[in-house]
């Protein structure tokens with residue numbers, strides 16, 4: 001991955017073209033950044049703009065609840081069950097976390113897509129570096145991100161989100177995610 005530390009001013013078409021121009025048959029990208037930055041929105045836009053098969057993995061589906069979310073177990077799942085098989089053109093699988101029942105469901109298996117999008121906090125961690133074609137970071141300030149999440153998901157999450165903002169900040173600092181990104185976007189301007 002080439003490093004581009006400044007905020008990039010690129011269009012959705014530019015991003016999709018960068019991905020499509022790759023010679024890889026099984027492309028993997030990560031879209032990371034703080035909660036409320038617009039990662040899911042960008043993932044959906046890229047998926048809709050890409051001409052091949054696409055599968056999006058949302059980190060929210062892989063977290064083991066709020067407390068056990070950004071753990072070595074998440075890294076193992078991302079590498080061993082998802083990124084490694086997809087990079088080899090093989091099927092992959094994972095269990096989705098059920099936030100209401102607070103447990104994982106049965107394993108779901110998928111065919112390797114031409115483009116795998118990993119989106120969410122923790123999708124750009126170092127453990128995945130060797131598999132990623134692009135690591136897209138979306139910048140957003142804490143207040144804007146918090147307000148977007150609460151408007152989308154409900155005010156009842158405020159206390160959990162304040163704790164989450166701290167956890168994600170520690171994670172991003174430990175992983176140096178923002179500085180390792182190949183593209184950095186301003187979530188206020190892009191999304």
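Test residue 71 against the stated conditions and say whether it is in contact with a strand residue (DSSP E or B) (Cβ under 6 Å, 6 or more places away or on another chain) and surrounded by 13 or more Cβ atoms within 10 Å (Cβ to Cβ).
no
Search region 28-45 for residues being farther than 13 Å from residue 123 by Cβ and touching a helix residue (DSSP H, G or I) at 6+ places or on another chain (Cβ under 6 Å), and hand back the single one that is surrounded by the fewest Cβ atoms within 10 Å (Cβ to Cβ).
45
Restricting to region 39-94, give me the number of residues that are free of Cβ contacts under 8 Å to residues at least 24 places away in the same chain and within 22 Å of residue 186 (Cα to Cα).
2
Suppose the filter is part of a helix (DSSP H, G or I) and touching a helix residue (DSSP H, G or I) at 6+ places or on another chain (Cβ under 9 Å); does residue 189 pass it?
In short, no.
Quick check, is residue 165 touching a helix residue (DSSP H, G or I) at 6+ places or on another chain (Cβ under 9 Å), closer than 14 Å to residue 32 by Cα, assigned to a helix (DSSP H, G or I) and in contact (Cβ under 8 Å) with a residue 40 or more places away in the chain?
yes
Going residue by residue through region 7-29, is there one that turns out to be under 27 Å from residue 172 (Cβ atoms), at pLDDT 95 or above and touching a strand residue (DSSP E or B) at 6+ places or on another chain (Cβ under 6 Å)?
Taking every residue of region 7-29 in turn, at least one turns out to be under 27 Å from residue 172 (Cβ atoms), at pLDDT 95 or above and touching a strand residue (DSSP E or B) at 6+ places or on another chain (Cβ under 6 Å).
Among (1) in contact with a helix residue (DSSP H, G or I) (Cβ under 6 Å, 6 or more places away or on another chain); (2) over 15 Å from residue 32 (Cα atoms), where does residue 123 come up short?
(2)
Report, by residue number, each residue of region 153-187 that is surrounded by fewer than 16 Cβ atoms within 10 Å (Cβ to Cβ) and closer than 17 Å to residue 139 by Cβ.
169, 173, 176, 179, 186
Of the conditions (1) closer than 20 Å to residue 30 by Cβ; (2) crowded, with 17+ Cβ neighbours inside 10 Å, residue 146 satisfies every one except a single condition; which number is it?
(1)
Only one of 76, 96 is under 18 Å from the mean Cα position of the chain (by Cα), more than 21 Å from residue 135 (Cβ to Cβ) and at pLDDT 95 or above. Can you tell me which?
After ruling out the rest, the residue left standing is 96.
Going through region 21-39 one residue at a time, which ones are within 15 Å of residue 165 (Cα to Cα) and assigned to a strand (DSSP E or B)?
Of everything in region 21-39, just one residue is within 15 Å of residue 165 (Cα to Cα) and assigned to a strand (DSSP E or B), namely 32.
Does residue 101 fit the bill of being touching a residue at least 12 places away in the same chain (Cβ under 8 Å) and over 17 Å from the mean Cα position of the chain (by Cα)?
no
The values are calculated or read from the model by the stated rules, or taken from the named source; none is laboratory data. Model, not experiment: these values are computed from the prediction. Using ideal geometry, Cβ is built from the backbone for each residue, glycine included, and neighbour counts are taken over all protein chains shown.
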